[in-house]
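**Q** Structure incoming, see below.
The values are calculated or read from the model by the stated rules, or taken from the named source; none is laboratory data. For clarity, every value in this text was computed on a predicted model and none was experimentally measured. Methodologically, a virtual Cβ is constructed for each residue, glycine included, from the backbone with ideal geometry; neighbour enumeration extends over all protein chains shown.
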Amino acid sequence: MQAIYAFGLIILIAFLGARFITRGTSLSSVNYFFYSGFIYIFLGLSLGRSGLEVLSPSVLKGLTPLISLGLGWVGFLFGFQLETKYLKRFPGKYISLSFLQFLFVSLFGGLVFFLILRPLYPSEQIFLLYGMAVALGLLLSLNSPTLLSMASNVIPKRGNYYYLSRFLVSVSGFWGIVGLALLSSFWHFPFFESKIFLRGGSLLILSTVFPVLIGFLFHFLTKKRTSEEQMRVYLLGLVFFVSGAAFYFNLPPLYLNMVLGITFSNLTKIHEKLYPLLLSTEKPLYIIFLILIGALWEVDLDYRVGIFVVLMVVLRVITYILPLPFFKVVLDFPLRLPARFGLCFLSSGGIGVAFAVSMKLAYPLLLTDIFLTIALFGILITEFISPWGLKYSVFRLDSEEKK
Amino acid sequence: MIPLVFVFLLMLLLKSHSLLPFANPDQSASLALGFILVFAYLVGNNVKRLTLPQITGFILAGIVCGPFILNFVSESDVNDLQLLDGLALSLIALTAGGEMKIKKLRKQLKTITSIVFFQTFIVLIGFLFLGMIGRYFIPFFGGMSPLQLLAFSLLLGTLMTPTSPATTIAVMTETRSSGKFTDLILGGAVVKDFFVIVIFSFTLSFSKSVTMPSHNFDFRFLLHILGEVSGSILFGVLIGIGIILYFRLIKKDITIFILGIAFFSYQISHNYGYHPLLICLIAGFFAENFSSHGKLLISAIERSSVPIYVVFFAISGASLDLSALQQTWLLALGCVLLRGLLKFSGTFVGSRLTGEGKEVQRLGWAGFISQAGVALGMAIVIQDNFPDWGSEFMALILAVIAINQIIGPVFLQRLLVRVKETGKKTA
């Protein structure tokens, strides 16, 4: 019977999604929820253990390869856009700003989280708390370009702030994902503290060299005339293969596939051919991924989780707003960087979700269940307010500049 | 060839002893799937150059990488991937159902019915005969009582009848076939599946009543099977109506919707004991023939058909029990040859009686060789019901399926090339 309810639910969400997306010309939070696909997390939640149990733990185990593919896909797409030719078009100071922003957000955020984690979880081992604080800090540093993509149709005047924010949200994930790779290698489950540098170094080499090799293979396979069908199989197969290897070694599929994406993107000359394929495959895979994440999510709320969720939202606003005037001075940045510009970085989108799930899957610990709940609630709330943040920052700054 | 070797070496490296301490063996299913998807596809491409069907390459890759040879895809991986395998089967069945158009079938209904009837009848009689005379020269049959042998050969005959609709549709999609033979073979394979499930309920009940004194002919079992079949048909029709309504009212996120259907059918069949293949066949058939949206459904699935086929057939290859083949290869080979001969006779008689031309009479049988899914499911039921000889029976069936699943696609592809029906389907 549950399967029938589930089917009905899927149809209902699809129906609502179709209605909202076709009407979605305004930049409202509800429209963005459907546009970004976050509504499917709730669908997954209602189908999972906390709801109808159609996606029971045994079914989810059978569907784990799809979760790994989803994670890999997000990483590949992210890496694929990091083509050096594209990056070189932007001034070097843009990259420096992105790195400084990452450093400040993750270090300051991580430190605050650690200070709060210790008294709230006194029974947990200290090195686990360190890891969780670092992960939460890294999560804060991730941004998503999805909101800007949606907004690009309704932004009245696109100016320097639009292009700067677009660059920063597209690149910022790189640092966060590299941070995740370092964390997963040197804080590897289940070793944690033993031979940490040797093992960590080996794992980092493995997680970088393997996808680079696969990237060369992908290029070799698609160098000659390749049909769309072949391209689809190679793409799915190789992303799957790399994700599977990541899962097998408890490494983040996000990082490995990002490296694959970067390698391939910088070798190949068929970007134009690949983009339509990526776009047509992206949405279904992403939606399935979000549904499965919702189902995987065991919501376990207590006051401590509540504190962290609030902290996550507050830190997301503060860490992006506060240092901007300081960065302007340090970098001698060509554009004015008023504090409110930081409000365009509220959304962490799919990459944030993928990051949180990577952690949950790589570390089967009670603490990572808590981490997932904090992360997902934090992300959902910031996603909800992010359209407002964008209007208040980029929209206004560009309009003011034009005047 | 270079990419194939490269992928193989990379997998060898990942599974090497030096990296084992870092690995989490519980999470190897995704790695196995990713590897097999690339590897099997590359093998399929190489096999294609030898003018063999790609799916033979997928199956061979599955066998080589499976638990009995390289163990890149272990037994637990195969179990973990059963759900995805089931989803792939549902999608293939939806396509098969959608490819069956009433207009075309109506023209050939008489021939299809006649061929299915005579194939089933002749194969059953042929294997009964094998059982009768086999006890004198086949040591395997020597230890059985006459009644046990009767039951054994009757059930063996039943399981030798079906043709795999999944393999049939996969070869037809790959070769882009269209025409009389294509419709005849696909129609025959699908109709035979229904037919065989019903016959199986009779032969199983009969076999139980003759071999176990405490059992009378079990009409309840018969009713149970009929209930399963009609339940599957009913659900198939309901899903078909759902598809039509979705395409009419929503028409968005079609891929997600189709995957939802595949998952839903899998869950329904898993929870209530229905047949996922039948449910999806009927749903696809209903959507194709009772609305104008069937083409949309089929084209949406066909866009991703190759990865689906690779996953399904490579996992099928990895699941093939080579130890069973090792134990009973000679008898299995005999059964395969006899099955082919009997299929030829059944097709010949069935098509001749309906006035079909010589081409169908002489060549049609070659399209009905592949065998999987349904036969395997029935073999498991037999193994559970006849503890005395069920496991030997299972081993024999697995061995026969292994051979037929390798040669079946080759025969079908050769047939379609010979009758010039390949490459005729427009994209």
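**Q** Give me a count of the residues in the range B:272-286 that are modelled with pLDDT under 85 and either farther than 17 Å from B:Thr163 by Cα or among the polar types (S, T, N, Q) (or both).
**A** Qualifying residue count for the region: 3.
**Q** Would you point out which residue out of B:Leu333, B:Leu376, B:Leu363 is closer than 23 Å to B:Val198 by Cα and assigned to a helix (DSSP H, G or I)? I'd like the intermediate steps shown before the answer.
**A** Working: B:Leu333 fails: closer than 23 Å to B:Val198 by Cα; B:Leu363 fails: closer than 23 Å to B:Val198 by Cα.
Going through B:Leu333, B:Leu376, B:Leu363 in turn, the sole match is B:Leu376.
**Q** Restricting to the range B:249-274, name every residue that is at the interface with chain A (Cβ under 8 Å from one of its Cβ atoms), farther than 25 Å from B:Leu226 by Cβ and either part of a loop (DSSP other than H, G, I, E, B) or not β-branched (Val, Ile, Thr) (or both).
**A** The answer is B:Leu249, B:Ile250, B:Lys251, B:Lys252, B:Asp253, B:Phe257, B:Leu259, B:Gly260.
**Q** Going through the range B:224-242 one residue at a time, which ones are within 11 Å of chain A (Cβ to nearest Cβ) and either buried (at least 18 other Cβ atoms within 10 Å of the Cβ) or touching an Asp or Glu at 6+ places or on another chain (Cβ under 6 Å) (or both)?
**A** Pass one, the range B:224-242, residues within 11 Å of chain A (Cβ to nearest Cβ): B:235, B:238-239, B:242.
Listed by number, the residues that qualify are B:Phe235, B:Ile239, B:Gly242.
**Q** Report every pair of residues separated by at least 6 positions or lying on different chains whose Cβ atoms are under 6 Å apart, first residue within the range B:302-330 and more than 10 Å from chain A (Cβ to nearest Cβ), second surrounded by fewer than 22 Cβ atoms within 10 Å (Cβ to Cβ) and outside any helix (DSSP H, G or I).
**A** What qualifies is B:Leu322/B:Phe68.
**Q** Next up: Can you work out which of the residues in the range B:22-41 that are more than 8 Å from every other protein chain (Cβ to nearest Cβ) and crowded, with 24+ Cβ neighbours inside 10 Å is farthest from A:Val239 (Cα to Cα)?
**A** Applying the filter and picking the extreme gives B:Ala40.
**Q** Now for a separate question. Inspect all residues belonging to the range B:88-96 and state whether any of them is of a type in the set (Gly, Ala, Ser), assigned to a loop (DSSP other than H, G, I, E, B), crowded, with 24+ Cβ neighbours inside 10 Å and touching a residue at least 60 places away in the same chain (Cβ under 8 Å). Reasoning before the result, please.
**A** Of the residues in the range B:88-96, the ones of a type in the set (Gly, Ala, Ser) are B:88, B:90, B:93, B:96.
From what is left, the residues that are assigned to a loop (DSSP other than H, G, I, E, B) are none.
No, every residue in the range B:88-96 fails to be of a type in the set (Gly, Ala, Ser), assigned to a loop (DSSP other than H, G, I, E, B), crowded, with 24+ Cβ neighbours inside 10 Å and touching a residue at least 60 places away in the same chain (Cβ under 8 Å).
**Q** Here's something else I'd like to know. What are the residues in the range A:216-248 that are in contact with a Phe, Trp or Tyr (Cβ under 9 Å, 6 or more places away or on another chain), more than 7 Å from every other protein chain (Cβ to nearest Cβ) and surrounded by fewer than 24 Cβ atoms within 10 Å (Cβ to Cβ), if any?
**A** The answer is A:Phe216, A:His219, A:Thr222, A:Thr226, A:Gln230, A:Tyr234, A:Leu235.
**Q** While we're here: Is the range B:301-311 home to any residue that is acidic (Asp, Glu), assigned to a helix (DSSP H, G or I) and not assigned by TED's automatic domain parsing to the domain that holds B:Ser76? First the steps, then the outcome.
**A** As a first pass, look at the range B:301-311 and keep what is acidic (Asp, Glu): B:302.
Among the residues that remain, those that are also assigned to a helix (DSSP H, G or I) are: B:302.
Then drop every residue that is not not assigned by TED's automatic domain parsing to the domain that holds B:Ser76, which leaves B:302.
So far as the range B:301-311 goes, yes, one or more of its residues are acidic (Asp, Glu), assigned to a helix (DSSP H, G or I) and not assigned by TED's automatic domain parsing to the domain that holds B:Ser76.
**Q** Can you pull out every residue in the range A:57-88 that is among the polar types (S, T, N, Q) and more than 10 Å from every other protein chain (Cβ to nearest Cβ)? Lay out the reasoning, then the answer.
**A** Applying the first criterion (among the polar types (S, T, N, Q)) to the range A:57-88 yields A:58, A:64, A:68, A:81, A:84.
Listed by number, the residues that qualify are A:Gln81, A:Thr84.
**Q** Additional query: Return yes or no: is B:Leu277 buried (at least 21 other Cβ atoms within 10 Å of the Cβ), over 23 Å from B:Ile382 (Cα atoms) and more than 14 Å from every other protein chain (Cβ to nearest Cβ)? Spell out the reasoning first.
**A** Working: buried (at least 21 other Cβ atoms within 10 Å of the Cβ): yes; over 23 Å from B:Ile382 (Cα atoms): no; more than 14 Å from every other protein chain (Cβ to nearest Cβ): yes.
In short, no.
**Q** Of all the helices (runs of 4 or more DSSP H) wholly in the range A:61-136, which have at least 3 residues that are within 17 Å of the chain's Cα centre (by Cα)? Spell out how you get there, then give the answer.
**A** Numbers: elements: A:64-80, A:84-87, A:92-120.
Output list reads A:64-80, A:92-120.
**Q** Quick one: would you say B:Ile261 is crowded, with 23+ Cβ neighbours inside 10 Å, within 24 Å of B:Val374 (Cβ to Cβ) and of a type in the set (A, V, I, L, M, F, W, C)? Walk me through how you get there before you give the answer.
**A** Working: crowded, with 23+ Cβ neighbours inside 10 Å: yes; within 24 Å of B:Val374 (Cβ to Cβ): yes; of a type in the set (A, V, I, L, M, F, W, C): yes.
So B:Ile261 fits the description; yes.
**Q** Check every one of the helices (runs of 4 or more DSSP H) wholly within the range B:111-178 and list those with 1 or more residues that are over 30 Å from B:Leu52 (Cβ atoms) and of a type in the set (A, V, I, L, M, F, W, C).
**A** Values: elements: B:139-142, B:146-160, B:165-175.
Helices (runs of 4 or more DSSP H) meeting the threshold: B:139-142, B:146-160.
**Q** Which one is farthest from the other protein chains (Cβ to nearest Cβ), of the residues in the range B:287-300 that are at pLDDT 80 or above and assigned to a helix (DSSP H, G or I)?
**A** Among residues in the range B:287-300 that are at pLDDT 80 or above and assigned to a helix (DSSP H, G or I), the one farthest from the other protein chains (Cβ to nearest Cβ) is B:Asn289.
**Q** A follow-up question, please. Going by what's in this entry, would A:Leu251 be described as within 12 Å of chain B (Cβ to nearest Cβ), not aromatic (Phe, Trp, Tyr) and not in a helix (DSSP H, G or I)? Talk me through it step by step, then tell me what you get.
**A** On the way: within 12 Å of chain B (Cβ to nearest Cβ): yes; not aromatic (Phe, Trp, Tyr): yes; not in a helix (DSSP H, G or I): yes.
In short, yes.
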